[in-house]
Amino acid sequence: MNYLQKELYELIKTDNAIFEFIQNNSLDGLWYWDLEKPENEWMNERFWEVLGYDPKDMPHKASAWQDIINKDDLALAANNVKQHLEDPNHPYDQTVRYTHKNGQTIWIRCKGLAIRNAEGVPTRMLGSHQDVTQLKQSENVLKHCNEEANIGFWDMNVSTQTIIWSDVTKKIHGVDPDYQPNLETGINFYKKGHSQDRITDLVFNALNKGEGFNEELQIVTQQGKTKWVKVLGIPEKNHQNTINRVYGTMQDIDALKTYQLKLEESEQAFRGNFENAAIGMALLDKYGKWLKVNQTLCDIVGYTSEEFYQLTFQDITHPDDLDLDLSLLQEVMEKKREHYRMDKRYFHKKGYLVYIHLAVSVVRDDKGDVLYFISQIIDITQQKEQEQKLQRIIELTQDQNERLKNFAHIVSHNLRSHSGGLSALLSILKEDEPDYFENEIVKLLESSSDNLNETIEHLSEVVKINLSSKENFSLLPIKPIVDKQITSILPLAEKNKVNIINNIDQDTKVLAIQAYLESIALNFITNAIKYRSKDRNSFLEINSLKNGKYTIIEFIDNGVGINLDLHSKKLFGMYKTFHKNKDARGIGLFITKNQIETLGGKVEVSSEINKGTTFKVFLRNEKD
């Protein structure tokens with residue numbers, strides 16, 4: 001024994017102050033327990049001071065500390081004490097949690113030694129406390145941080161070839177908490193190919209050359225999922241300068257790495273699309289300076305990319321378009337909008353104007369400040385030239401239409417005046433000289449005059465229809481209008497034994513002009529009478545049904561029918577007839593179709609010879 005050690009032992013025996021100094025300054029508590037009377041236990045003042053209690057108020061009883069120790073830790077400590085008392089070689093070294101007087105948790109490392117009698121029976125137990133709260137809190141903080149960051153640790157003992165994995169490391173690998181890895185199984189988790197070959201080389205270099213590593217590799221978890229990890233390895237040498245330990249961390253970076261790879265792929269795709277786009281594309285800074293341009297834009301305005309980088313977009317924009325462009329750009333800067341579109345003009349390098357369609361969007365940093373603008377430029381010069389040509393054609397057409405309208409009015413008015421005059425003269429002549437009308441030529445002249453009057457009336461009606469305005473349309477009830485036409489034609493229907501049935505609902509309304517509705521209804525009713533079948537009792541059934549923004553009026557008869565295979569194309573043509581009826585003029589359906597289309601509707605027909613015909617008239621029931 002060293003003489004100083006021997007001297008210290010003697011001082012402790014003879015001088016209590018030495019012992020007091022040691023227990024108060026080297027330990028955070030000292031206790032001495034009577035195992036024969038286990039309710040009695042002496043705790044020094046420092047023991048209670050660490051836990052926030054006044055030593056004078058605390059009894060020297062085991063129950064005093066048992067009341068403030070964590071109950072789970074108390075059970076573990078009791079089991080540990082039992083094993084130590086039964087086997088001196090089993091150390092009593094236990095970290096437990098106490099509740100401080102102020103309510104906080106205090107972590108205490110508790111060591112104990114059983115004192116035995118001559119027969120080896122434990123009669124007393126001496127113990128010490130060490131406050132490890134700060135260390136434990138730091139461990140917990142580190143543990144939580146690692147868990148949040150998905151960082152685990154690993155430790156490999158070179159001599160025993162054993163490996164320890166932390167809970168997070170086991171979680172990353174998808175194994176159970178009690179899983180025991182080794183070098184071979186640890187390497188086998190890495191994905192075959194590059195990752196497994198690379199980790200093998202890294203571990204070999206760490207063990208044999210003392211080289212550390214920090215690598216991103218892929219593993220395959222116990223469940224078969226492939227994920228990216230960042231593995232760090234640190235070799236440690238012993239006093240003989242040989243590697244006795246390699247330890248490090250493993251971090252799950254799968255989400256980050258996957259995002260990074262997608263970002264790289266996206267950037268590569270953007271770069272390819274940017275360079276090879278069929279439209280002009282450019283990146284500009286917030287001052288309008290060109291940062292990057294593609295070849296298409298260079299072709300549009302004639303500048304090389306190097307020339308572009310010496311310019312701003314203001315330099316090549318037509319002055320009349322610049323204010324609007326700058327105004328919209330300022331709104332983007334002020335976060336009033338994130339993008340804008342406009343048509344504008346650039347000056348080509350050769351001096352002529354290029355019309356372009358511009359679409360601008362912004363890329364901001366995490367603070368919302370502008371990083372750069374993305375501009376897409378489409379050359380619409382040819383389109384603008386075509387629009388200008390088309391505008392000239394429209395203006396010319398409008399002028400011609402106005403001239404045609406005037407011509408139609410003049411022809412309608414003047415022809416009616418002249419034909420009316422001719423008819424009046426023939427009427428006077430007939431009254432004065434009736435014998436003249438026995439002459440075949442005069443009869444033909446009278447017939448021609450009547451036909452001319454009828455033709456002019458038809459043309460006037462067509463002109464009137466084509467000049468109608470939608471502003472004159474209103475919602476009108478159909479049933480009373482149809483009833484009115486049925487009443488006016490009823491004697492003719494009864495004479496020809498045609499039964500007319502009006503099933504239109506009282507509330508059904510359509511957007512129309514009343515005169516047109518009356519004309520449409522009258523024409524289909526008279527057609528049903530005119531083309532009735534003489535072989536059976538005839539009828540005309542009129543129905544209505546709503547179909548979205550249209551109301552459909554059906555006129556269903558059982559008349560002679562129409563051969564649509566022969567006549568469908570000329571059915572609604574002017575002066576087209578498809579029956580040998582002597583009253584047929586071929587104008588009624590033509591005018592009716594024009595009236596329906598002027599009202600924004602359409603007409604459909606279905607028919608079978610000797611079975612009947614159905615006309616479906618689609619009329620709007622609401623305004624656009």
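The values are calculated or read from the model by the stated rules, or taken from the named source; none is laboratory data. In this text the structure is predicted, and so the values were computed from the model without any measurement. Positions of Cβ are generated from backbone atoms using ideal geometry, with glycine treated the same way; all protein chains shown enter the neighbour counts.
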Of the candidates Asp323, Asp315, Asp285, the one satisfying the condition of being closer than 30 Å to Gln386 by Cβ, surrounded by 11 or more Cβ atoms within 10 Å (Cβ to Cβ) and at pLDDT 90 or above is Asp315
Which condition does Tyr179 not pass, out of (1) closer than 30 Å to Asp28 by Cβ; (2) in a loop (DSSP other than H, G, I, E, B); (3) of a type in the set (Ser, Thr, Tyr), if it passes all the others? (1)
Selection within segment 471-480 - farther than 13 Å from Leu619 by Cα and at pLDDT below 90: Glu471, Asn472
List the residue pairs whose Cβ atoms are under 7 Å apart, where the first residue sits in segment 166-191 and is under 23 Å from Asn140 (Cα atoms), the second is in a helix (DSSP H, G or I) and of a type in the set (Asp, Glu), and the two are 6 or more positions apart or on different chains. Val168/Glu147; Pro177/Asp167
Out of the residues in segment 286-309 meeting the condition of being in a loop (DSSP other than H, G, I, E, B) and among the hydroxyl-bearing types (Ser, Thr, Tyr), tell me which one is nearest to the chain's Cα centre (by Cα). Tyr287
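The rows are residues; the columns are (1) in a helix (DSSP H, G or I); (2) closer than 30 Å to Ser305 by Cα; (3) assigned by TED's automatic domain parsing to the domain that holds Phe373; (4) in contact (Cβ under 8 Å) with a residue 60 or more places away in the chain.
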| residue | (1), (2), (3), (4) |
| --- | --- |
| Pro235 | no, no, no, no |
| Gln240 | no, no, no, no |
| Asn244 | no, no, no, yes |
| Tyr247 | no, no, no, yes |
| Met250 | no, no, no, yes |
| Leu263 | yes, yes, no, no |
| Gln268 | yes, yes, no, no |
| Gly272 | yes, yes, no, no |
Residues of segment 2-31 satisfying the condition of being in a loop (DSSP other than H, G, I, E, B) and modelled with pLDDT under 80: Asn2, Asp15, Ser26, Leu27
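Residue-by-condition table, conditions (1) outside any helix (DSSP H, G or I); (2) in contact (Cβ under 8 Å) with a residue 12 or more places away in the chain:
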| site | (1), (2) |
| --- | --- |
| Asp320 | no, yes |
| Val332 | no, yes |
| Lys335 | yes, yes |
| Asp343 | yes, yes |
| Gly351 | yes, no |
| Val362 | yes, yes |
Out of everything in segment 165-218 that is among the small types (Gly, Ala, Ser) and crowded, with 17+ Cβ neighbours inside 10 Å, what residue ends up being farthest from Ala255 (Cα to Cα)? Ala206
In segment 345-359, what count of residues is obtained for those that are of a type in the set (Gly, Ala, Ser) and either within 10 Å of Gln376 (Cα to Cα) or not assigned by TED's automatic domain parsing to the domain that holds Leu324 (or both)? 1
Which numbered condition Lys227 fails, given (1) touching an Asp or Glu at 6+ places or on another chain (Cβ under 8 Å); (2) crowded, with 18+ Cβ neighbours inside 10 Å; (3) over 19 Å from Leu256 (Cβ atoms): (3)
